[in-house]
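> Take a look at the following structure, please.
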Amino acid sequence: MLDRCGRHRPTAPSATTHENTADRLLTIADFHPVQSYLEVGVYAGGTFNAVNFPRKVAVDPNFMFDTRTAAGPGIDFHELRSDEYFTSPDHHERFDLIFLDGLHEFRQTLRDFINALDYSHAASVIVLDDVLPNDVFSALPDVSRAYRFRELNRPGNPDRSWHGDVYKVVLAIHDLFPRISYCTVNRGEGNPQTFCFRSPRRDFRPHFASLEQIERLSYFELLDHLDLLNPVSEDEAFQIVRAFSEHSASAR
Ligand SMILES: C[S@@+](CC[C@H](N)C(=O)[O-])C[C@H]1O[C@@H](n2cnc3c(N)ncnc32)[C@H](O)[C@@H]1O
């Protein structure tokens, strides 16, 4: 089942499969120290309000819940677009864990990722949502076209997922950020997401000719290049982040 934000929702809560983002983030925090957390794109607070860290910052131009009921020490809500938040001189700080789940457009999410690097430190983990559209309609960068073309082609289909073209951000990281390592949870159940962290890639080799070529890639070309997402199972992704965490702790 997929929600309006295009995320897979477990039909029943699962304590072991971490299908839910909050479970994933809390699992990362089990082995990676997380004191501070930034979430860009918060919607109804399903993830933000379910994770418990000493410092939490939420950014969304339109919170779909009463933030006063979720307020508390160390918690800030910024009802802003991410560009406004990241360009405000008052808000700069560095977070241990950042979850990017805002506007599902390539350019916006690439900007969010680049800004998130400036709001992170050597041991931070950045999690990108919506990196693998579940069909060609979901991959359209315009949500109304995604819904319209799905309805035209699959009348009555109740699927309201929209991932946009965020997948191109992972391909841009692959080609343009040799000092960022990443893996994408894409095997087994659960929402595909990419975990990113600062670690030089010894096997770095750009694949595409330019950022423009990446921006022009279609959903089907993504399917041709799925290996560039570094797909792994959820458990493998946790092991990779754990190894990074242990390495960054020993380097401190
Ligand atoms: C997929 S929902 C977020 C779901 C949430 N992270 C969760 O786990 O429950 C996407 C959210 O991004 C917000 N959004 C849209 N444009 C944005 C922007 N430019 N900056 C920040 N958030 C944005 C929308 O208002 C919406 O609430």
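All of the numbers you see were taken from the coordinates with simple rules; none came from a lab. Everything numeric here is computed off the predicted structure, so don't read it as measured data. Quick reminder, even Gly has a Cβ in these numbers, built from the backbone with ideal geometry, and neighbours come from all protein chains shown.
> Would you list Cys183, Cys196 from fewest to most Cβ contacts within 10 Å?
Ascending Cβ contact count within 10 Å gives the list Cys183, Cys196.
> OK, next. Run the dipole for the stretch 21-246 about the Cα centre, Lys and Arg Cβ at +1, Asp and Glu Cβ at -1, nothing else charged, and hand back the magnitude in debye, nearest 20.
In total the dipole reaches around 220 debye.
> List the relative contact order of the stretch 21-246 as a percent without decimals, with contacts defined as Cα pairs under 8 Å and 6+ residues apart.
In percent, rounded to a whole number, it is 17.
> Still on this structure, I have one more. Rounded to the nearest 5, what % of DSSP beta bridges with both residues in the chain are antiparallel?
35
> For the chain, report the % of Cα-Cα distances exceeding 23 Å.
49
> So what are the ³J(HN,Hα) numbers for the stretch 93-107, from phi and the Karplus equation (6.51, -1.76, 1.60; θ = phi - 60°), rounded to whole Hz, Gly and Pro as x?
7, 10, 10, 6, 9, 10, 10, 9, 8, x, 5, 7, 10, 3, 5
> Which is the longest run of the chain containing none of the GluC sites (Glu not before Pro) found in DSSP loop states (not H, G, I, E, B) with at most 15 other C-beta atoms within 10 Å?
Looking at the chain, 94-188 is the longest stretch - no exposed GluC sites (Glu not before Pro) with at most 15 other Cβ atoms within 10 Å.
> Right, next: Based only on other Cβ atoms within 10 Å, what is the fewest-to-most ordering of His78, His92?
His92, His78
> Have a look at Phe113, Phe48, Phe177 and tell me which one the Gaussian network model of the chain (Cα, springs below 10 Å) gives the largest fluctuation.
Highest fluctuation of the listed residues: Phe177.
> Which one, Phe113, Cys196, Tyr43, projects farthest toward the positive side of the charge dipole computed for the chain from Cβ point charges (K/R +1, D/E -1)?
The one lying farthest along the dipole's positive direction is Cys196.
> Diagonalise the Cα gyration tensor of the stretch 65-111 and give the resulting equivalent ellipsoid semi-axes, square root of 5 times each eigenvalue, largest first, whole Å.
Each semi-axis is √(5λ); the values are 21, 14, 11 Å.
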